[in-house]
1. Among the residues of the stretch 89-126, write down those that are modelled with pLDDT of 85 or more and under 9 Å from the mean Cα position of the chain (by Cα).
2. From the set of residues in the stretch 151-171 that are in a loop (DSSP other than H, G, I, E, B) and modelled with pLDDT of 90 or more, which is surrounded by the most Cβ atoms within 10 Å (Cβ to Cβ)?
3. For the stretch 15-23, check the following and say yes or no: at least one residue is touching a residue at least 24 places away in the same chain (Cβ under 8 Å) and assigned to a loop (DSSP other than H, G, I, E, B).
4. Considering only the stretch 17-32, I want to know if a residue exists there that is acidic (D, E) and within 18 Å of A99 (Cβ to Cβ).
5. Restricting the first residue to the stretch 43-60 and requiring it to be at positive phi and in the same structural domain as L103 (by TED's automatic domain parsing), which pairs with a second residue that is of a type outside the set (F, W, Y) and not in a strand (DSSP E or B) meet a Cβ separation below 8 Å and a spacing of at least six or different chains?
6. Of everything in the stretch 20-45, what is over 14 Å from R69 (Cβ atoms) and surrounded by fewer than 16 Cβ atoms within 10 Å (Cβ to Cβ)? Give them in sequence order.
7. So which residues in the stretch 57-88 are more than 14 Å from the chain's Cα centre (by Cα) and surrounded by 21 or more Cβ atoms within 10 Å (Cβ to Cβ)?
8. Please find, within the stretch 180-219, the residue that is modelled with the lowest pLDDT out of those that are in contact with a Phe, Trp or Tyr (Cβ under 9 Å, 6 or more places away or on another chain) and assigned to a loop (DSSP other than H, G, I, E, B).
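The values are calculated or read from the model by the stated rules, or taken from the named source; none is laboratory data. Small disclaimer: the values here were computed from a predicted structure and weren't measured. Note that each Cβ is placed from the backbone with ideal geometry, even for glycine, and that neighbours are counted across all protein chains shown.
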Amino acid sequence: MTIRVLIVDDQAMVREGFSVLLNAQPGIEVAGEAVDGRQAIERSAALRPDVVLMDIRMPELNGIEATRRIVSADHAPRVLVLTTFDLDEYVYQALRAGASGFLLKDASARQLADGVRVVAAGEALLAPTVTKRLIVEFARRGGPPAPPAGVRVGELTERETEVLALIAHGLSNAEIADRLLVAESTVKTHVSRVLVKLGLRDRTQAAIFAYEARLVTPS
């Protein structure tokens, strides 16, 4: 199946550059472009893309609020945030708003295409550097006391809670499988059940939930 992408950025050269790069990739098609957050919401509803490449800093309506509104719709696309710096102060806010990950604007054609495919498949583009930023952010903000050791979250089983914690540490399914000495297919099943039971969209939201629930605490 072809992955349809909506590119959102207030700079024409950026939109055109990403369009050229993505249209040259097999299985990916640029469905349209938008120049700001308001237009992104309108065109997302009209074009029904699979993935939205979203700039953060734009006039009219910024990418954070646009992301929040887009992912709240029925059959919402995945949002992949574009940023100039990996230390962008808004990265955390964008992830919290519902983005499935982020890419730097100087990403290569392969990185861009791989990122689009990852989030389109329902996975999260959550690099270890982003996980560290989440930890720092939660440490700075503080929050409720951590639950007692061994506590389970909601309706999760003990193993599902363990998998959730490992997701929050940025581990992939393969790495979790190695850590728990189980098959990767078993991990995928656990991850799916965690997302369904907690009503979460993807691994990024699962990681954020784990920190907010203080299942994982900054060290």
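1. The answer is G98, A99, S100, V119.
2. The initial filter retains those residues of the stretch 151-171 that are in a loop (DSSP other than H, G, I, E, B), namely 151-157, 169-171.
Then keep just the ones that are modelled with pLDDT of 90 or more; that gives 156-157.
Values: L156: 18, T157: 13.
Of everything passing the filter in the stretch 151-171, L156 is surrounded by the most Cβ atoms within 10 Å (Cβ to Cβ).
3. So in the stretch 15-23, the residues touching a residue at least 24 places away in the same chain (Cβ under 8 Å) come out as 18, 21-22.
If we keep only those that are assigned to a loop (DSSP other than H, G, I, E, B) too, we end up with none.
Looking through the stretch 15-23, none of the residues is touching a residue at least 24 places away in the same chain (Cβ under 8 Å) and assigned to a loop (DSSP other than H, G, I, E, B).
4. Kept after step one, since they are acidic (D, E), are these residues of the stretch 17-32: 29.
Then drop every residue that is not within 18 Å of A99 (Cβ to Cβ), which leaves none.
Checking the stretch 17-32: not a single residue is acidic (D, E) and within 18 Å of A99 (Cβ to Cβ).
5. Cβ pairs passing all conditions: R48/H75; R48/P77; E60/D36; E60/G37; E60/R38; E60/Q39.
6. Of everything in the stretch 20-45, those that are over 14 Å from R69 (Cβ atoms) and surrounded by fewer than 16 Cβ atoms within 10 Å (Cβ to Cβ) turn out to be V20, N23, A24, P26, G27, E29.
7. Within the stretch 57-88, M58, A66 meet the criteria.
8. Per the criteria, the residue is P218.
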